[in-house]
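The values are calculated or read from the model by the stated rules, or taken from the named source; none is laboratory data. In this text, all values refer to a predicted model and were calculated from it rather than measured experimentally. Counting neighbours? That spans all protein chains shown, and the Cβs are built from the backbone with ideal geometry, glycine included.
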Ligand code: UDP
């Protein structure tokens with residue numbers, strides 16, 4: 001089967017945070033999309049486009065997958081469905097290797113049978129572990145420090161091997177810190193539990209939690225708090241659309257970082273939240289969280305060279321602003337409960 005832009009696309013995990021923003025963009029571009037999501041973490045209401053079909057099921061359900069491939073003849077798959085709690089991956093590694101590594105193998109088997117040879121993969125900067133040099137280029141050795149990062153890196157290797165064996169062409173997109181939400185406030189970030197910095201700082205502002213705890217103030221950074229590269233979720237969505245176009249046009253497999261190239265500290269995030277919300281953030285300074293590297297900042301130049309992609313939002317206030325609008329929007333930052341499951 002050839003992969004043309006007109007063929008439908010299967011998006012696993014399309015009801016999740018990054019998945020739903022990507023689905024929305026692809027649908028707006030007129031692409032036909034089928035979302036496969038088991039709604040364990042996904043939200044039915046995160047799929048706003050009526051033309052997008054939502055199939056509730058597991059990525060590893062090969063009977064379901066075969067039926068879907070038979071019916072829709074997908075030209076490409078974007079695979080978001082994964083677990084992403086680093087701490088949990090340390091205490092329950094098999095859950096992560098099963099869900100994040102073994103399940104995609106089952107999906108790839110069905111793709112091989114069906115002759116579908118284009119795969120866009122949600123990878124992560126966690127595959128680099130603790131980098132020796134900054135910014136992080138794609139040539140930085142990948143040496144993940146937790147099962148989550150390893151579960152993703154293994155899929156990168158598998159994709160490479162499938163490329164050699166049966167011509168799969170893949171894009172491994174290594175996200176830095178996804179943040180923000182749609183600029184119109186219709187969809188946004190809703191994790192349960194929520195562990196990420198920006199939504200938690202906003203929870204401290206609204207009083208949902210008593211304060212934000214800053215994990216460590218003795219890092220080797222100018223203000224002592226960890227530095228990360230926060231990338232707007234709509235910029236991530238755009239990179240997926242471009243990766244699809246690149247592969248659909250016959251482009252070669254690629255792996256690239258998706259970040260802004262700008263490092264922002266925890267204290268700077270708190271200051272940005274105070275500026276955007278006009279309120280003081282209650283803060284408590286605590287000990288380090290295990291496994292946090294001092295600084296993770298992307299060199300995003302390869303994505304620019306290969307895909308013509310560059311983050312449009314580089315100022316972290318442009319990510320905090322829609323996240324704050326989402327918290328104050330009609331859903332108050334939480335999607336209504338799923339009905340389909
Ligand atoms: N962080 C923090 N307090 C929190 C949550 C996060 O100080 O309640 C810090 C965390 O240590 C890290 C940064 O904020 O340095 C970003 O953490 P997050 O969990 O959002 O993303 P990660 O970088 O772990 O993927």
With the requirement that a residue be surrounded by 15 or more Cβ atoms within 10 Å (Cβ to Cβ) and over 23 Å from residue 172 (Cβ atoms), what does the stretch 289-313 give you? 292, 294
Counting only residues that are under 22 Å from the mean Cα position of the chain (by Cα), within 10 Å of the ligand (Cβ to nearest atom) and in contact (Cβ under 8 Å) with a residue 60 or more places away in the chain, give me the strands (runs of 3 or more DSSP E) lying completely in the stretch 202-320 with at least 1 of them. 230-232
Provide a single number: the residues in the stretch 70-91 that are assigned to a loop (DSSP other than H, G, I, E, B), within 16 Å of the ligand (Cβ to nearest atom) and farther than 19 Å from residue 57 by Cα. 1
Residue that is surrounded by the fewest Cβ atoms within 10 Å (Cβ to Cβ) [pool: residues in the stretch 33-56 that are without any contact (Cβ under 8 Å) to a residue 40 or more places away in the chain and more than 27 Å from residue 194 (Cβ to Cβ)]: 50
Quick check: is even one residue across the stretch 173-191 modelled with pLDDT under 95, under 22 Å from residue 41 (Cα atoms), within 13 Å of the ligand (Cβ to nearest atom) and surrounded by fewer than 22 Cβ atoms within 10 Å (Cβ to Cβ)? yes
Checking residue 97 against (1) over 30 Å from residue 227 (Cα atoms); (2) free of Cβ contacts under 8 Å to residues at least 60 places away in the same chain; (3) touching a helix residue (DSSP H, G or I) at 6+ places or on another chain (Cβ under 7 Å), which single condition isn't satisfied? (1)
Is it the case, given these coordinates, that residue 325 is under 18 Å from the mean Cα position of the chain (by Cα), in contact (Cβ under 8 Å) with a residue 60 or more places away in the chain and either more than 12 Å from the ligand (Cβ to nearest atom) or in a loop (DSSP other than H, G, I, E, B) (or both)? no
Of all residues in the stretch 92-126, which are more than 15 Å from the chain's Cα centre (by Cα) and within 16 Å of the ligand (Cβ to nearest atom)? 96
Residues in the stretch 110-148 that are without any contact (Cβ under 8 Å) to a residue 60 or more places away in the chain and more than 26 Å from residue 73 (Cα to Cα): how many? 12
Could you tell me which residue of the stretch 296-341 is modelled with the lowest pLDDT, considering only residues that are more than 30 Å from residue 131 (Cβ to Cβ) and touching a strand residue (DSSP E or B) at 6+ places or on another chain (Cβ under 8 Å)? 341
Regarding the stretch 57-64, can at least one residue be identified that is touching a residue at least 60 places away in the same chain (Cβ under 8 Å) and either closer than 22 Å to residue 169 by Cα or surrounded by fewer than 15 Cβ atoms within 10 Å (Cβ to Cβ) (or both)? no
Taking the stretch 221-242 on its own, how many of its residues are in contact with a helix residue (DSSP H, G or I) (Cβ under 6 Å, 6 or more places away or on another chain), under 20 Å from residue 301 (Cβ atoms) and surrounded by 23 or more Cβ atoms within 10 Å (Cβ to Cβ)? 4
Working only within the stretch 1-27, note down all residues that are closer than 20 Å to residue 108 by Cβ and at pLDDT below 95. 1, 2, 3, 7
